[in-house]
Every structure is written in structure tokens, then in C-alpha cells.
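Everything below concerns the one structure shown next.
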Amino acid sequence: MNVILLSVVSFLNDVSSEMILPLLPVFILSLGGDEIVIGLVSGSMGFVSSTIKALFGFLSDRLRVRKPIVFSGYLSSAFFKFLLSLSRVWQHVLVFTSLERIGKGIRTAPRDAMISESIPKEKGRGFGIHRAMDTSGALLGAILAFLLIYEFDLSIREILLLAALISFLSLIPFIWIKETYQKVQMKRAFNEMGHIDKRLKIFLVIATVFSMSNISYMFFLKRSEEIFGPKFYLVTYIVFNVFYAIFSYPSGVLSDRIGRWKVLSAGYLLFAITSMGFSFVNIGWVLIPLFSLYGISFALFDGNQRAFVSDLSEPKIRATALGVFHTLIGVTSLPAGIIAGYLWRSFSYSFTFLYSGLLAMVSSILLIFYGLKAYRSN
């Protein structure tokens, strides 16, 4: 039941978030920003949240609680979404989106630990359910953003305010969510991290390399907006979320059956192919299958990365390990965003997506060799 309730929380919160996120590039440009600012904002959002994920994962393990920390993270995000609606210049957007992501940093590792502990024998299925619900919320949020702008003629500020109210509603299921932490004897979690499984250490390095390639969705949407125009580019974001939602649960179940690294390497490879496709496309209809592949790739690697980290970590340091994972992949979002924005502005969009695709290809190759070596030795 915990997995379902946490998934409902994520569903509602992502309805809120995805009413905001696809509009941010246009909002930033309307407030005087440019491609560098888009990269700075997207990178800062990931960087700020990720710098504290390991800390709150550690605190969750150390204090032996999950639920209050997860709740406070969602509450913080709702509050700063409200403040975001008051933004008047792009600097406000930078500050408030970064602060909103602090809430994500607080909740992510303890929440993932709760999911893992609620369904320990089928972690892939558990994370698959969560990512499917989370992405279904994202799909609904993107559809609402499209309808509210183009059918109901609401302003971006009004949509941001409505999104904040929905985010506050996402807190209601916490009334029924139960604590999952198993009270076990433990030493300092960070000391224990020095003795973690070697396979996890190697995977964290590979995942960090891949995260440098995983540039912000804002660049994909910006390219879509350039081709389709300001009205219909949101349709491509909806397509992304449709395929992400549909394939999240099956990919989690598949990873339970055939192994995480196989599904993850396929996801990395598909993301590489998608990015390279974006580097050459300048025809509108081609974007639809590319955004479909973009969504499938996320379904393959997003939840399964978390499940893999959970598999390879001891229960007493699970939230800490997940926090370290999220911190490593998130801290790289700032340089990745700045590099992507610089390449776009100084050269062209093609260089941004080629950078992303080539680095993702390297990550996929590394993971394939890692998987073959690690699992042949067992």
C-alpha cells in the first residue's frame, strides 16, 4: 500500500511540476533570459537539489525515520512553487526554481528507500509502479498546461499559481503512509559507505558519466519550439510523457527478470540514439518518433537506476547510498547544462545534441562491459 500511496503523492506533485516545467523555457525568454540562462536554470535546479540528497539520505538512516523527511520535502517544494508564480525577472526564476528543488533533494533518497523497503523482493516492479504514476502525472500536467494556455487563455503566472495549489493537495496521502525503516544496529552510515559493494562504486561512476550526457529537457523542448512554434511544441512534450508512462512499469518488471544492467544499458543506448537524432532533425514530423524514443529511454533507465542502487546497498545505508547516487548524478547537471547552453549559443543546436549523444554512447558501452564482467564472475 505504501508504494501506491507514495505513487499517488508523486502523481499529484508531478501534475503540478509538469504544468510548470514545459513552460519554463518560454517563461525565461519572456523575462529577458537566453540559451545560457536556460542552461543555468536547468543545471542549477539539478545541482541544488542533488548537493543535499546524500545528506538527507544519511539523516534518514541515522535518525531512523523516513516519512517526516519525505513529507517536509514535498511541503517545501509546494511553498516555493507558489513563490515562483510571483517572478518578475529571470533571476527570480533562477532563485525560486533552485529553492523548489531543495524540497526534491530532501525527499528523494528517503522516499526511494521507502519504496525499496515496502516491496523488497520486487524492487524493479515497485520503482516501475512509482515511475509510471509519476510520469502519468507529468503527462496530465503537460496536457493541462497546453489546455489552460491555448483553450482557456490563462497566463503563465496563473498556471504557476494553480500548479502550486495542486502541489499542496499532493500532501494529503501522507495521512495513510506508514513508516518503513527497520530498526537495526548501525554504525555511522558514511563510514559504512567506505565498505560498499565494489559493483555499486563502479556503477556510480558510470551513472555519473551518463548524467553528464543527460542534458535538460528544456533543450529538447526549445528545439521543438523552434520547429513547431510556440503553440504546438507542448504536444511533443506530451508524447514524451505518454511513452515514458507506458513503458515505466514493464521496464521495471523486465529488469527484475533479466537483470538491471541489461535494461539500463539499453536505456543509455536509446538515449544516445535519440540525442543524435535531435542533432540532425529539422523536419517537424520527425520530432514525434524522436520524442517517443526519448520517453522510452527514460522509462528504461530512470527507475531502474534507483532499483540497481537499492540492490547493491545494505539496508542500513540504503537511503545514504541512494542519496549519494542522486547527488553524483545531480551535481553534474550544472556543468552539463552550462556546456549544452554554450555549445548551442556559440555553435548550433547540433553540437549540443551531438555532445549528449556521444557521451551517452560511451556510458552505454561502459555499462555493457561492466555488466558482462561483474555477472560472469558470479
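The values are calculated or read from the model by the stated rules, or taken from the named source; none is laboratory data. Predicted, not measured: the structure shown is a model, and the values here were computed from it. Cβ: placed from backbone, ideal geometry, glycine included. Neighbour counts: every protein chain shown.
When region 68-121 is filtered for residues that are under 22 Å from I159 (Cα atoms) and not in a helix (DSSP H, G or I), the ones remaining, listed by number, are S85, L86, S87, R88, V89. Kindly indicate which of V253, V263 is buried (at least 21 other Cβ atoms within 10 Å of the Cβ), under 18 Å from R131 (Cβ atoms) and modelled with pLDDT of 85 or more. After ruling out the rest, the residue left standing is V263.
Taking S116, is it of a type in the set (S, T, N, Q), under 19 Å from the mean Cα position of the chain (by Cα), within 30 Å of P250 (Cα to Cα) and modelled with pLDDT under 85? Can you show your working first?
Numbers: of a type in the set (S, T, N, Q): yes; under 19 Å from the mean Cα position of the chain (by Cα): yes; within 30 Å of P250 (Cα to Cα): yes; modelled with pLDDT under 85: yes.
The answer is yes for S116.
The condition of being under 14 Å from the mean Cα position of the chain (by Cα) and of a type in the set (G, A, S) does not hold for S30.
Consider G126 carefully, then state whether it is within 29 Å of S251 (Cα to Cα) and within 21 Å of the chain's Cα centre (by Cα). It would help to see each step written out before you state the result.
Working: within 29 Å of S251 (Cα to Cα): yes; within 21 Å of the chain's Cα centre (by Cα): yes.
Yes; evaluated as a whole, the condition is true for this residue.
Screening Y294 with (1) of a type in the set (F, W, Y); (2) modelled with pLDDT under 90; (3) under 26 Å from F11 (Cα atoms) gives one miss only, at (2).
Whether any residue in region 126-145 is part of a helix (DSSP H, G or I), among the hydrophobic types (A, V, I, L, M, F, W, C) and either modelled with pLDDT of 90 or more or surrounded by fewer than 19 Cβ atoms within 10 Å (Cβ to Cβ) (or both) is what I want to check. Steps first, please.
Just the residues of region 126-145 that are part of a helix (DSSP H, G or I), to begin with: 126-145.
Restricting the remaining residues to those that are among the hydrophobic types (A, V, I, L, M, F, W, C) gives 127, 129, 132-133, 138-140, 142-145.
Still in the running and either modelled with pLDDT of 90 or more or surrounded by fewer than 19 Cβ atoms within 10 Å (Cβ to Cβ) (or both): 140, 144.
Yes; the residues of region 126-145 include at least one that is part of a helix (DSSP H, G or I), among the hydrophobic types (A, V, I, L, M, F, W, C) and either modelled with pLDDT of 90 or more or surrounded by fewer than 19 Cβ atoms within 10 Å (Cβ to Cβ) (or both).
Just need a number here: residues in region 83-113 that are over 26 Å from P68 (Cβ atoms) and either modelled with pLDDT under 85 or of a type outside the set (D, E, K, R) (or both). Please lay out each step first, then the result.
To start, the set of residues in region 83-113 that are over 26 Å from P68 (Cβ atoms) comprises 85-95.
Keeping just the survivors that are either modelled with pLDDT under 85 or of a type outside the set (D, E, K, R) (or both) gives 85-87, 89-95.
Result for region 83-113: 10.
A single member of F243, F203, F271 is at pLDDT 85 or above, buried (at least 20 other Cβ atoms within 10 Å of the Cβ) and within 22 Å of M45 (Cβ to Cβ), and it is F271.
For region 360-376, the criterion of being assigned to a helix (DSSP H, G or I), more than 16 Å from F203 (Cα to Cα) and of a type outside the set (K, R) is met by no residue. The residues of region 310-328 that are assigned to a helix (DSSP H, G or I) and either surrounded by 22 or more Cβ atoms within 10 Å (Cβ to Cβ) or touching an Asp or Glu at 6+ places or on another chain (Cβ under 6 Å) (or both), listed by number, are S310, I317, R318, A319, T320, A321, L322, G323, V324, F325, H326, T327. The residue list S310, S248 contains one member that is touching a residue at least 12 places away in the same chain (Cβ under 8 Å) and either within 23 Å of Y349 (Cα to Cα) or over 16 Å from the mean Cα position of the chain (by Cα) (or both), which is S310. Within region 146-163, if we keep just the residues that are of a type in the set (F, W, Y) and surrounded by fewer than 17 Cβ atoms within 10 Å (Cβ to Cβ), the residue that is nearest to the chain's Cα centre (by Cα) turns out to be Y150.
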